[in-house]
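Trainee: Pasting a structure below so you can have a look.
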Amino acid sequence: MKKLINHPDNVIKEQLEGMQAAHADLIKVNFEPYYITRAGGPVKGKVALISGGGSGHEPMHGGFVGHGMLHAACPGEVFTSPTPDQMHEAAKAANGGAGVLNIVKNYTGDVMNFEMAAELAIAEGIQVQNIVIDDDVAVKDSLYTAGRRGVGATVLIEKICGAASEEGYDLKAVSELCRTLNQNARSMGMALTSCITPANGSPSFEIGDDEMEIGIGIHGEPGIQREKIKSVDEITEMMTVGILEDGAYSRKLKEWDHDKGEWVEVEYVDQPFKKGDNVIAFVNSMGGTPVSELYGVYRKMAQVTDKFGIKIVRNLIGPYITSLEMQGCSITLMKVDDKMVKLWDAPVYTPGLKWGM
Amino acid sequence: MLTKEQVITWLTLCHEVLEENKTWLTQLDTAIGDADHGNNMNRGFKKVYAQLDAIKDKDIGAIFKATAMTLISTVGGASGPLYGTFFLQAGNKLAGKEELTDNDVAIMLRAGLDGVVMRGKAQAGDKTMVDVLIPVTESVEQDINAGTPLAEALAKAVEVAEQGVKDTIPLVAKKGRASYLGERSRGHQDPGATSSRLIIEALFNASR
Ligand SMILES: Nc1ncnc2c1ncn2[C@@H]1O[C@H](COP(=O)(O)OP(=O)(O)O)[C@@H](O)[C@H]1O
Ligand SMILES: [Mg+2]
């Protein structure tokens, strides 16, 4: 293993110390337990947006804390969900009195830990909602699996909901927006190489020089299938068509019912893309793929969406939700209306995403 | 019967076996997960072990609850809330106990299993830790009801657990991360079932 680290046990701590040193104007890192809040403290009267997940996906989530995006982020060990005490402390530190929205990627660990955290905060009288993001079309059904994983859409949703919070949306309205955006988004990922977590020191899967994994998540896990590597045009076409032709997707998600005071399972059905839709297109690097290659992906993706009669109104290209040094990419398309585009364009000022101010 | 010293021994042995088997558990999780199960369990029980001295004089229910809180706040992933809930529910059921009767041990397993199922919603055959915890709990309940001495019931539970682990190999995972692999999860042993087997074996060794 070749890595720029001191000792595997100290990677998270030293990364956070570095972030604090670099971005003291934007964020404040708490070390026991680990969580990151905005430097200015809680924002009074605004819904606090909190997310979290394993480390190794940087800049997500810590790099998205700041004006116009998240209020707090909880980093776990590399690729391991953070724990309820972190999330609970983050909720208390970030709550500006208007409640807390936890944006949770759909992985069993993340979902259960955020549920326990929400229960703790609710018991203390903090208004909380958990919205689960599940946009990965590589996972086909929800009946025989833990359901679609939360991947690229998370970045777009954190940006747009962050802007909504700045605009003064209340907890119910931000939650609804978050849910709708999730239902409007679909993603697909692929890998050319695996990656090495510092704790393990060896690759998470073996893959030949002429092979690729299709339908990967973001934790260095193998994908849905392995194939011989193809050209960027062929790979991009397969992924984009996979997203655009994905049919209706139905599953039950748990949400907190504020009236009943308990978790309820609600069934949601996502509708497929259709001709005339406006979308935000996000081409993401898994960490090891250079931006030059991402533009190769974007080129073909835009041709395919054009053929389907889908209009890309905004885009994001770069490494934003990564898997350490893995080579590969993901594509996310999210249907948006004018209001959502306006929220996308609103100013954002975080370590990982900055525009408009 | 299980004395409080034996309960402490159990938790100590959990720490030892999970440390010994850390790399193996992580390897199993590399095949069908995200290569962290051994690290997660080791991190959690290391902390449990470090805190044993401070909690060893509490009642057994309180010891389990403190163990639960430590696991919940240090393990993370899916196994943190699941094993945390196991010990939390066991602790709730055994509040105030200074020692455990044979029947209490069966009650502990049942409460723990119910907690895991309540939190994770897994059923038998989903290729998870409950594929060990269900047959183990049923076997111990049956044996204790029939008057089998605890150590003997737990010796059998270890065999049942080992069988439960083996039985996960041909299964296609329906819960947790491994479920994303679909058919590709077949032919691999479930890491969480394996750690459950190690924890049951530690219980047997503590009961002798
Ligand atoms: N819903 C569930 N119910 C019961 N056990 C589960 C569930 N989901 C996952 N598991 C268990 O958790 C184990 C994985 O634990 P771990 O690797 O620590 O967490 P993660 O999957 O979040 O990385 C699996 O091998 C399985 O036995
Ligand atoms: Mg794992």
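Trainee: Can you say whether A:GLY53 is at pLDDT 95 or above, closer than 30 Å to B:THR30 by Cβ and either within 16 Å of ligand 1 (Cβ to nearest atom) or buried (at least 24 other Cβ atoms within 10 Å of the Cβ) (or both), as far as the supplied structure shows?
Mentor: Answer is yes for this residue.
Trainee: Right, here's the next one. If a residue has to be within 12 Å of ligand 1 (Cβ to nearest atom) and at positive phi to count, how many in the range B:61-98 make the cut?
Mentor: Here the count works out to 2.
Trainee: State whether the residues of the range A:167-176 include one that is of a type in the set (A, V, I, L, M, F, W, C) and touching a Pro at 6+ places or on another chain (Cβ under 9 Å).
Mentor: Within the range A:167-176 (the criterion being of a type in the set (A, V, I, L, M, F, W, C) and touching a Pro at 6+ places or on another chain (Cβ under 9 Å)), the answer is no, since none of the residues qualifies.
Trainee: Contact list please: Cβ distance under 8 Å, first residue in the range A:18-40 and in the same structural domain as A:GLY53 (by TED's automatic domain parsing), second residue of a type in the set (Asp, Glu) and outside any loop (DSSP other than H, G, I, E, B), pairs at least six apart or on different chains.
Mentor: Every condition considered, the pairs that remain are A:VAL29/A:GLU17; A:ASN30/A:GLU89; A:PRO33/A:ASP85; A:PRO33/A:GLU89; A:TYR35/A:GLU89.
Trainee: May I ask you to list the residues in the range B:166-197 that are among the hydrophobic types (A, V, I, L, M, F, W, C), within 28 Å of B:ASP143 (Cβ to Cβ) and either at pLDDT below 95 or surrounded by fewer than 24 Cβ atoms within 10 Å (Cβ to Cβ) (or both)?
Mentor: B:ILE169, B:LEU171
Trainee: Quick check on my filter: what residues within the range A:57-82 are part of a strand (DSSP E or B) and among the acidic types (Asp, Glu)?
Mentor: Hit for the range A:57-82 is A:GLU77, nothing else.
Trainee: Okay, next question. Do we find a residue being under 22 Å from A:LEU244 (Cα atoms) and surrounded by fewer than 21 Cβ atoms within 10 Å (Cβ to Cβ) anywhere in the range A:175-182?
Mentor: Yes; the residues of the range A:175-182 include at least one that is under 22 Å from A:LEU244 (Cα atoms) and surrounded by fewer than 21 Cβ atoms within 10 Å (Cβ to Cβ).
Trainee: Quick one: is B:VAL132 within 14 Å of chain A (Cβ to nearest Cβ), away from ligand 2 (no atom under 16 Å from the Cβ) and within 28 Å of B:ASN205 (Cα to Cα)?
Mentor: So B:VAL132 does not fit the description; no.
Trainee: Applying the selection to the range B:160-191, what residues are more than 10 Å from every other protein chain (Cβ to nearest Cβ) and of a type in the set (D, E, K, R)?
Mentor: Scanning the range B:160-191 gives B:GLU162, B:LYS166, B:ASP167, B:ARG186, B:ASP190.
Trainee: One residue is enough: does the range A:95-114 have a residue meeting the conditions within 11 Å of chain B (Cβ to nearest Cβ), away from ligand 2 (no atom under 16 Å from the Cβ) and surrounded by fewer than 24 Cβ atoms within 10 Å (Cβ to Cβ)?
Mentor: For the range A:95-114, residues within 11 Å of chain B (Cβ to nearest Cβ), away from ligand 2 (no atom under 16 Å from the Cβ) and surrounded by fewer than 24 Cβ atoms within 10 Å (Cβ to Cβ): absent.
Trainee: Identify the residue in the range A:115-148 that is away from chain B (no Cβ under 14 Å) and free of Cβ contacts under 8 Å to residues at least 40 places away in the same chain and, among all such residues, is surrounded by the most Cβ atoms within 10 Å (Cβ to Cβ).
Mentor: Looking at the filtered set, the residue picked out is A:ALA121.
Trainee: Looking for something buried (at least 22 other Cβ atoms within 10 Å of the Cβ) and facing chain A (nearest Cβ under 10 Å) - is there at least one such residue anywhere in the range B:92-101?
Mentor: no
Trainee: Hey, another quick one. What tally of residues in the range A:8-56 results from selecting those that are away from chain B (no Cβ under 14 Å) and outside any helix (DSSP H, G or I)?
Mentor: The number of residues fulfilling the criteria is 25.
Trainee: Counting only residues that are within 15 Å of ligand 1 (Cβ to nearest atom) and touching a Leu at 6+ places or on another chain (Cβ under 9 Å), how many does the range B:151-201 have?
Mentor: Qualifying residue count for the region: 19.
Trainee: Of all residues in the range B:27-40 being under 19 Å from A:ILE207 (Cβ atoms) and crowded, with 24+ Cβ neighbours inside 10 Å, which is farthest from ligand 1 (Cβ to nearest atom)?
Mentor: So the residue we want is B:THR30.
Trainee: Filter the strands (runs of 3 or more DSSP E) completely within the range A:248-332 down to those with at least 2 residues that are outside the structural domain of A:LYS230 (by TED's automatic domain parsing).
Mentor: Counting at least 2 such residues, we get A:249-257, A:262-270.
Trainee: Something else about it: Return the total of residues in the range A:75-93 being more than 10 Å from every other protein chain (Cβ to nearest Cβ) and crowded, with 24+ Cβ neighbours inside 10 Å.
Mentor: The number of residues fulfilling the criteria is 4.
Trainee: Pick from the range A:218-246 the residues that are assigned to a loop (DSSP other than H, G, I, E, B), surrounded by 17 or more Cβ atoms within 10 Å (Cβ to Cβ) and among the hydrophobic types (A, V, I, L, M, F, W, C): which of them is farthest from the other protein chains (Cβ to nearest Cβ)?
Mentor: Among those residues, the one meeting the criterion is A:ILE218.
Trainee: Which condition number does A:LEU294 fail, the rest of (1) out of contact with any Pro (no Cβ under 9 Å at 6 or more places or on another chain); (2) away from ligand 1 (no atom under 16 Å from the Cβ) being met?
Mentor: For A:LEU294, the failing item is (1).
Trainee: What helices (runs of 4 or more DSSP H), lying completely within the range B:1-69, carry at least 2 residues that are within 14 Å of another protein chain (Cβ to nearest Cβ)?
Mentor: Here the list reads B:22-32, B:37-55.
Trainee: I've got another one for you. Got a sec? Which of B:ALA111, B:ALA122 is within 16 Å of ligand 2 (Cβ to nearest atom) and in contact (Cβ under 8 Å) with a residue 12 or more places away in the chain?
Mentor: Result of the check over B:ALA111, B:ALA122: B:ALA122.
The values are calculated or read from the model by the stated rules, or taken from the named source; none is laboratory data. This is a predicted model, so every value here is computed, not measured. So basically every Cβ, Gly included, is an ideal-geometry build from the backbone, and we count neighbours across all protein chains shown.
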